[in-house]
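Below is one structure, written out as structure tokens; comments come after it.
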Amino acid sequence: MSGMILGLDELFEDLEELGNIDLYKPIAQATEFVRSAARGLAPVSPFGSAGELRDSIQTEVRREGTVVN
């Protein structure tokens with residue numbers, strides 16, 4: 001019985017299932033959360049800046065095959 005790991009087949013099956021989880025929506029939600037926080041923290045001068053920095057903070061989440069960028 002030496003060299004045998006009990007439950008290894010089940011572990012590999014579980015790990016394979018994890019690889020099939022679609023992460024697009026949670027990544028898009030997290031990205032929007034960070035974008036919103038960054039925009040809220042961007043300084044806006046009452047005398048000159050019309051919020052160009054704040055308005056320039058954008059995000060984009062893309063799916064390329066099975067990869068989410």
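The values are calculated or read from the model by the stated rules, or taken from the named source; none is laboratory data. Nothing here was measured: the structure is a model prediction, and the numbers come from that model. So basically every Cβ, Gly included, is an ideal-geometry build from the backbone, and we count neighbours across all protein chains shown. Keep in mind that these areas ignore ligands, DNA and RNA; they rest on the heavy atoms of the full protein, side chains included. Shrake-Rupley method; radii C 1.70, N 1.55, O 1.52, S 1.80 Å.
Do the sum for the chain: with -39,500 (n - 2.57) for every DSSP H run of n ≥ 4, divided by all residues, what is the mean residue ellipticity at 222 nm, to the nearest 500 deg cm²/dmol? List each step's numbers first, then the result.
On the way: 3 runs with 34 residues, N = 69.
Helices in the chain give a 222 nm mean residue ellipticity of -15000 deg cm²/dmol.
Whole number in Å², please: accessible area per residue of the chain, 1.4 Å probe, ligands, DNA and RNA not counted.
Details: 6000 Å² over 69 residues.
For the chain, the per-residue accessible area is 87 Å².
Would you mind checking the tilt of helix 8-18 against the longest principal axis of the Cα atoms of the chain, expressed as 0 to 90 degrees and rounded to 10?
Helix 8-18 sits at roughly 20 degrees to that axis.
Counting only protein heavy atoms and using a 1.4 Å probe, what share of the accessible area of the chain belongs to carbon plus sulfur, as a whole percent? Numbers along the way, then the final one.
Working: 3530 of 6000 Å².
Result for the chain: 59 percent of the exposed heavy-atom area is carbon or sulfur.
Under a plain spin-label model, where a point goes 7 Å from the Cα along Cα-to-Cβ, how far apart in nm are Asp22 and Phe47?
5.2 nm
Using only Cα atoms, tell me the angle between helix 24-41 and the longest principal axis of the chain; keep it within 0 to 90° and round to the nearest 10.
Taking Cα atoms only, the helix is inclined about 30 degrees.
Would you mind checking which residues have amide H under 5 Å from Arg63's amide H? H placed 1.01 Å from N; only 5 or more apart, or other chain.
Answer set, sorted by chain and number: Asn69.
Scaled to the compact-protein estimate 2.2 N^0.38 Å, what is the alpha-carbon radius of gyration of the chain, rounded to two decimal places? Each step should come with its number before you reach the end.
Values: Rg = 21.9 Å, N = 69, 2.2 N^0.38 = 11.0 Å.
Scaled against compact globular proteins, the figure is 1.99.
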